[in-house]
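Data block below; observations after.
The values are calculated or read from the model by the stated rules, or taken from the named source; none is laboratory data. Quick caveat: nothing in here was measured; it's all calculated off a predicted structure. Virtual Cβ from ideal backbone geometry, glycine too; neighbours counted across all protein chains shown. When the accessible area is computed, the model is the full protein with side chains, heavy atoms only, and any ligands, DNA or RNA have been set aside. Shrake-Rupley method; radii C 1.70, N 1.55, O 1.52, S 1.80 Å.
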Amino acid sequence: MFGYVTPCKMEMKIKDYEIFKAYYCGLCNSLKKNYGNFPRLTLNYDMTFLAILLDSLSENKYSFRKFRCLIHPTKKRIIINDNDAIDYAAFCNVTLAYYKLMDDVYDNKTIKSKVLSIFLKTYLKNPKNAYTDIMDYTKEKLLLLNTLEGRNDIMSIDELSDVFADLTGYIISFYYKEAAFKDNLYWLGYNLGKWIYIIDAYDDLEKDIKSNSFNAINSLFNLDNLDFNSFSKCIKPRIDYLLTTCAALCLKYLNNLPLIKNKDILYNILELGLMEKMDKVFNNNNNDYLKGVEDKDDKPI
């Protein structure tokens, strides 16, 4: 996951935004507690959404506490503490960040990604036995994705996005693998993963065209080798339709879940946040990419 799943802050109640930040800071603290300071650099909003979603299906009440962060020494932060869903999201955060770096090494052979992956790997040496399946499945799926992206006979955007979509569905549903609502969690995650894969490809489209790097949208649809400005105008309506369809299906499966808490936060993210992020990416408003969500003083160390 790449940090695209964010709330629409302007439409959130203050209490909901404070709870969202408590999950975000709780995730950051869980990364520090369970893995160390370096993995906190991988903290992203997709994993905050994962923690909120999974905890929303639990009857456990919030456990808040104040925490003084080194980057905010003058004011204590309110975090959600001792939360299994947050700890699970922290593990997934580190795992996905590591294999994403390995994917960058495979694709671009960058020294920076290689060095960072070596450092991050040390924090994944002794995962909980229950989580080894997540690591194996992530490695398997991202390797398959690399293989498909390297082929010359790619058939469709559905074929490519299916791999990451299935991985996302697996990760989201794994936590409640014995629950009756597991299938709804999987399909919510599947469609969210497909949305992430496609919007990430569109967000990188200009850069990838200029650098002649692989991009699923460019490879599948830009058959006339148009420049970015010409091609983006042609393909934007189709990508908009694909993303909007995925977002609508996410909402459909969210409606089927027996949510106990955080309902307004989750609907804000899936109903408004995804649309807001699409608008920013489509309008290439990269300078304001996280405006309205990531305040300057919310960044981890």
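Scan (1) under 16 Å from residue 85 (Cβ atoms); (2) touching a residue at least 60 places away in the same chain (Cβ under 8 Å); (3) under 16 Å from the mean Cα position of the chain (by Cα) for the single condition residue 51 breaks and write down its number.
(2)
Only one of 267, 253, 202, 197 is at pLDDT 95 or above, surrounded by fewer than 20 Cβ atoms within 10 Å (Cβ to Cβ) and within 22 Å of the chain's Cα centre (by Cα). Can you tell me which?
Exactly one residue qualifies, and that residue is 267.
Which members of region 241-270 meet the condition of being in a loop (DSSP other than H, G, I, E, B) and in contact with a helix residue (DSSP H, G or I) (Cβ under 8 Å, 6 or more places away or on another chain)?
Matches in region 241-270: 256, 257, 259, 261, 262.
Hey, can you tell me all the residues within region 20-45 that are open to solvent by less than 10 Å² (accessible area, probe 1.4 Å) and among the polar types (S, T, N, Q)?
Hit for region 20-45 is 30, nothing else.
Out of region 47-80, which residues are touching a Phe, Trp or Tyr at 6+ places or on another chain (Cβ under 7 Å) and under 21 Å from residue 91 (Cα atoms)?
Selection gives 48, 51, 52, 54, 57, 79, 80.
Condition first: open to solvent by 40 Å² or more (accessible area, probe 1.4 Å), among the acidic types (Asp, Glu), closer than 30 Å to residue 33 by Cα and not in a helix (DSSP H, G or I). Can you find one or more residues in region 145-160 that meet it?
Among the residues of region 145-160, not one is open to solvent by 40 Å² or more (accessible area, probe 1.4 Å), among the acidic types (Asp, Glu), closer than 30 Å to residue 33 by Cα and not in a helix (DSSP H, G or I), which makes the answer no.
Please indicate, with yes or no, whether at least one residue in region 12-19 is open to solvent by 60 Å² or more (accessible area, probe 1.4 Å), assigned to a strand (DSSP E or B) and out of contact with any Cys (no Cβ under 6 Å at 6 or more places or on another chain).
No, every residue in region 12-19 fails to be open to solvent by 60 Å² or more (accessible area, probe 1.4 Å), assigned to a strand (DSSP E or B) and out of contact with any Cys (no Cβ under 6 Å at 6 or more places or on another chain).
Looking at 49, 20, which one is farther than 18 Å from residue 96 by Cα, of a type in the set (A, V, I, L, M, F, W, C) and out of contact with any His (no Cβ under 9 Å at 6 or more places or on another chain)?
After applying the criteria, what remains is 20.
Quick check: is even one residue across region 220-234 in a helix (DSSP H, G or I), open to solvent by less than 10 Å² (accessible area, probe 1.4 Å) and of a type in the set (A, V, I, L, M)?
Checked against the condition, which is being in a helix (DSSP H, G or I), open to solvent by less than 10 Å² (accessible area, probe 1.4 Å) and of a type in the set (A, V, I, L, M), region 220-234 yields no hits at all.
Looking at region 182-220, which of its residues are under 18 Å from residue 232 (Cβ atoms) and in contact (Cβ under 8 Å) with a residue 60 or more places away in the chain?
Across region 182-220, the qualifying residues are 199, 200, 202, 203, 206, 213, 214, 216, 217, 219, 220.
Between residues in region 151-169 that are polar (S, T, N, Q) and residues that are open to solvent by less than 10 Å² (accessible area, probe 1.4 Å), which pairs lie under 8 Å by C-beta distance while being six or more apart or on different chains?
Pairs found: 161/193; 161/198; 161/216; 168/189; 168/192; 168/193; 168/196.
For residues that are among the basic types (Lys, Arg) and modelled with pLDDT under 85, scanning just region 93-144, find the one that is farthest from residue 34 (Cα to Cα).
Result: 109.
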